[in-house]
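Taking it in order: structure first as structure tokens, then the write-up.
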């Protein structure tokens with residue numbers, strides 16, 4: 001039975017702790033960073049395990065026609081430093097030994113984070129760029145993270161009760177635990193059962209393409225099977241080998257990242273036999289990082305003037321930064337809507353323009369401005385087309401529609417604090433959570449969102465924000481219907497409230513802040529993991545349980 005405060009190793013491909021250390025791409029990494037910060041604040045025995053990327057994720061510049069240009073992002077520690085630990089661990093990739101440094105990141109207010117890096121120059125292709133390269137590169141990276149991570153923790157003598165896989169990228173850590181158990185003489189079934197008693201898995205994406213698959217031949221050639229037979233690998237992950245399926249079968253507990261996402265994930269993976277039960281632990285964000293101190297102080301003293309002043313200051317800072325980065329001059333007194341997230345089709349960034357004649361009068365009158373930001377994956381050509389479309393709109397509505405390139409942590413803080421309304425329009429139910437809306441809420445920014453991700457748990461329509469349309473029983477999304485609902489909200493409630501009902505707007509801001517801080521903090525999230533996933537008695541596989549009856 002795991003104790004009250006189990007030691008947890010939190011594996012993730014990316015960690016967003018500082019924009020000067022670009023070893024993150026977006027929401028997954030920012031969540032991982034907040035997880036480590038809250039574990040540190042709560043004094044919980046957690047360590048993070050990741051990879052020290054040479055270039056991190058892409059720096060994205062926008063050309064004159066809206067085309068994206070992806071550039072390397074050199075890492076700059078800027079006051080933080082890496083301490084090289086004494087042990088060296090080795091993994092095998094393609095029959096070749098790859099020795100790894102173990103680095104410990106210092107200078108961040110977070111639980112210890114250990115980052116792995118190939119020592120030999122000709123192995124540096126593995127960690128050249130986060131999510132870069134082809135499928136061989138990805139498998140090699142995941143061997144370093146998973147297999148190298150387990151061996152690094154053991155070499156450092158760190159006692160680990162629970163291995164927490166944040167997405168399926170860390171799956172090979174589970175295979176390494178199986179390998180080690182078999183090396184002690186256990187057969188495959190017993191080794192599998194022993195390993196799964198120590199593993200917890202978080203699934204984030206309900207998008208099929210986001211649940212990684214590999215051909216068995218590739219895994220065998222690169223050494224990712226760790227001595228398992230083809231039949232045993234198929235038993236775990238199917239054919240082709242699905243990392244999410246294998247993670248569910250290798251874990252004693254699994255979770256989705258919002259209540260609605262839990263419903264979606266249970267339906268999505270209902271066909272997987274012998275899988276871990278999927279519960280919902282809704283994500284949270286670190287209020288110490290994401291809520292501006294001026295907003296917190298204004299709420300604490302209860303002064304309307306202080307809250308108005310804090311919000312006005314944050315808005316001025318955003319307007320100034322947008323002007324610096326783009327040359328666009330926004331009106332700090334007019335309503336500003338923010339839409340900032342990964343540029344990909346299902347998030348429907350341009351839903352607001354579905355019927356352009358409906359939105360054009362608000363833009364042309366100056367009553368509405370919208371600030372867009374977000375990166376498209378270098379190989380997501382649909383996402384790149386979306387960026388190009390937004391840039392075209394910004395030229396059609398200068399000073400009313402703005403696209404700010406190269407979205408990162410610093411820009412994320414400015415936008416989630418500085419806009420008036422946070423817009424979220426995903427195709428239901430494809431938004432697993434949507435933590436940027438939580439950050440906005442904590443700063444008095446009012447969410448206007450499709451009822452997807454975290455918002456069904458938080459929304460009190462017209463009190464702390466707005467729901468676009470209804471949550472339909474079939475979880476359907478229709479662009480025309482959802483756009484019409486959004487236009488009605490803007491025309492009938494949001495714009496009139498902003499310009500004509502300041503007391504109501506201020507009351508909604510206070511309610512938004514209270515809900516954000518009290519319900520959607522990463523402290524609550526980490527505590528939920530300890531209470532609901534880490535401390536529970538192990539859930540053995542159905543086969544093992546049946547054998548003991």
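The values are calculated or read from the model by the stated rules, or taken from the named source; none is laboratory data. Just so you know, these numbers come straight off a predicted model, no measurement behind them. Neighbour counts are summed over all protein chains in view; Cβ atoms, including those assigned to glycine, are modelled from backbone coordinates with ideal geometry.
Here are the numbers:
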item: One residue from 462, 453 being touching a residue at least 24 places away in the same chain (Cβ under 8 Å) and more than 26 Å from the chain's Cα centre (by Cα); result: 462
item: Residue match in region 363-376 (condition: surrounded by fewer than 16 Cβ atoms within 10 Å (Cβ to Cβ), without any contact (Cβ under 8 Å) to a residue 40 or more places away in the chain and in a helix (DSSP H, G or I)); result: yes
item: Residue 386 vs. criteria under 25 Å from residue 132 (Cα atoms), out of contact with any strand residue (DSSP E or B) (no Cβ under 8 Å at 6 or more places or on another chain) and crowded, with 22+ Cβ neighbours inside 10 Å; result: yes
item: Selection within region 204-259 - touching a helix residue (DSSP H, G or I) at 6+ places or on another chain (Cβ under 7 Å), loosely packed, with under 15 Cβ neighbours inside 10 Å and assigned to a helix (DSSP H, G or I); result: 230
item: Any chance residue 270 is free of Cβ contacts under 8 Å to residues at least 12 places away in the same chain, surrounded by fewer than 24 Cβ atoms within 10 Å (Cβ to Cβ) and assigned to a loop (DSSP other than H, G, I, E, B); result: yes
item: Count of residues meeting criterion [touching a residue at least 12 places away in the same chain (Cβ under 8 Å), surrounded by fewer than 20 Cβ atoms within 10 Å (Cβ to Cβ) and closer than 18 Å to residue 396 by Cα] in region 314-336; result: 4
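Let's see how each residue does on (1) at pLDDT below 95; (2) more than 20 Å from residue 483 (Cα to Cα); (3) in a helix (DSSP H, G or I):
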site: 295; (1), (2), (3): no, yes, yes
site: 319; (1), (2), (3): no, yes, yes
site: 323; (1), (2), (3): no, yes, yes
site: 330; (1), (2), (3): no, yes, no
site: 336; (1), (2), (3): no, no, no
site: 339; (1), (2), (3): no, no, no
site: 343; (1), (2), (3): yes, no, no
site: 359; (1), (2), (3): no, no, yes
site: 384; (1), (2), (3): yes, yes, yes
